[in-house]
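Every number here is computed from the coordinates shown, using simple stated rules; none is lab data. Quantities reported herein were computed from a predicted structural model and do not represent experimental measurements. Reconstructed Cβ throughout: ideal geometry from the backbone, glycine too, with neighbour counts over all protein chains shown.
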Amino acid sequence: MPQATNSTALNSLSFGFIILLGALSALAAISTDIYLPATASMAESLNAKQEQVQLTLGIFFLGYGFGQLFFGPLSDSLGRRPVLLAGLYIYTASSLLCALSTDIDFLIFNRLLQALGGCAAAVTSRAIIRDCTQGAETAKALAGVMSVIQVGPLIAPTIGGLILYFGPWPATFYTLSIYGLICIVAAHLWIKESHPKQKRQSLHPFNIAKGYLETFLNKYVMLLLFAEISASISLLTFVTGSALIFSQYYALSAQHYGLLFSLMASGILAGSWLSKHYVAKIGTHIIIVSGLVIALCSSSLLLYLTRYNPENLPAIVITLWFCLLPCGAIRPNYVALGLQYLPNRTGTLSALFGAFSLGMGGVTAIVIGGFAHYTPLIMAIMIALGFASSTAFYLLWRVVDNPSQP
């Protein structure tokens, strides 16, 4: 399998290497989606409330997202490879501890550790791509990684449902431990350092703070970040609340829920595929604008259906699919545009986008868990608001950045 080298020697990434980076970045998707069908049995086994089990999802997103704020600058200072490997070891060990949990508090704690370890793979994968590519090639590579990531939601809930059919819920975390071991072996064999020593930043806290200050003061980065966060909220509203909607509101079995979740996730995969294959032909901005138009139309229809005909599950499922499709198309392009700024702070920028987009998943999960009765209409409102905000921030960025687009 081709390996990554520094950006002076490589201007594009091979298909095989993108598959590997995608598999490493898929830790978040797999770690959340594979155990969603088991939430009910988990609550019963650990003698916990459903709200506490929901917290294991929220704490994972918070740790996985905001942990990147630490690992991003660390990779700028120490290099991508050591940070990636350390994170994978932490992820694998904590996955095993999750399987051995006998009470909900111990599980929540180890889910946090699992998230902190796994987020190193995501932030370093994006940084490696930026080290080795630029411009449209970065957007294409990120869309390729996103396509691989979305295979996780396609198969993980189904696998989780099958594991639950044949065994208890800890088996899902044993499966994640095995996946972590595979990632460790693959990283040792095929991931080489892409961030040369002469380009590394000081690990001094002042320099790290300076890096984040530079990014927060860059209005172009901030507008793209807010656009990406808003789109992520729409996506994560579905991901974190789908178990409540389909398993409780519509009373689907764990196996049927897993299959339905996989069907929904195919919409994100389709959006990522379309972006990857057409971004070089029609450009980043046309991809984003097209995706936002689809998002606004489909989320408006979802609002109507959940308000006036919430029992029409087939229509809601189809409409949701078209809500998820633009998420796979527009998000990697937001990130690719944002990474073009501040080239000496690639790890910091990567961390910033990953932290807030996924960190908002934790906030979203906590908000959803706070509803006494979470309904399809509430889900539709949150999805529509996310897409509307994403559109507003993107249009504002186009106005502000028009004279000096990267």
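Spherically averaged projected area of the convex hull of Cα atoms, the stretch 137-272: 12.0 nm². Here the chain is treated with +1 on each Lys and Arg Cβ and -1 on each Asp and Glu Cβ, and its dipole about the Cα centre works out to around 1000 debye.
Volume of the convex hull of the chain (Cα atoms only), normalised per residue: 122 Å³.
Peptides 238-245, 193-200, 84-91 ranked from most to least packed give 238-245, 84-91, 193-200, packing being the mean of other C-beta atoms within 10 angstrom over each peptide's residues. Annotation for the stretch 298-406: chymotrypsin sites (Phe, Trp or Tyr not before Pro) lying in DSSP loop with at most 13 further Cβ atoms inside 10 Å of their Cβ are F371. Once the Cα-Cα distance is subtracted from the 0.36 nm per residue extended length, the L100 to H188 segment shows a gain of 29.0 nm. Summing charges over neighbours of L46, with a neighbour being any other residue whose Cβ is under 11 Å away from its Cβ, gives -2 when K and R count +1 and D and E count -1. Under a no-solvent Debye model with one identical scatterer per Cα of the stretch 70-190, what's log10 I(q)/I(0) at q = 0.15, 0.17 Å⁻¹? The Cα Debye sum returns log10 ratios of -0.78, -0.95.
Once backbone amide H atoms are built at 1.01 Å from N, I34 has no partners under 5 Å, excluding neighbours fewer than 5 places away on the same chain.
Number of Lys-Lys pairs in the chain with C-alpha atoms under 24 Å apart and a separation of 8 or more places or on different chains: 6. The gain in end-to-end length when the N312 to L203 segment is fully stretched comes to 33.7 nm, 0.36 nm per residue minus the alpha carbon separation.
State the percent of C-alpha pairs, over all pairs in the stretch 279-406, separated by a distance greater than 25 angstrom.
Of all Cα-Cα pairs in the stretch 279-406, 34 percent lie more than 25 Å apart.
If each of N47 and A251 carries a label point 7 Å out from its Cα toward its Cβ, how far apart are those two points in nm? The two pseudo-label positions are separated by 3.0 nm. Couplings 3J(HN,Hα) of the stretch 137-149, computed from phi: 5, 5, 4, 5, 5, 5, 5, x, 4, 4, 4, 5, 4 Hz, in residue order, whole Hz [Karplus 6.51 cos²θ - 1.76 cosθ + 1.60, θ = phi - 60°; x for Gly and Pro].
Between N344 and H373, the simple label model (points 7 Å from Cα in the Cβ direction) yields a spacing of 5.8 nm. Ordering D103, D401 from the fewest to the most neighbouring beta carbons within 10 Å gives D103, D401. In terms of other Cβ atoms within 10 Å, C297, C183 run from fewest to most in the order C297, C183. When its C-alpha radius of gyration is set against 2.2 N^0.38 Å (N residues), the stretch 199-295 gives a value of 1.54.
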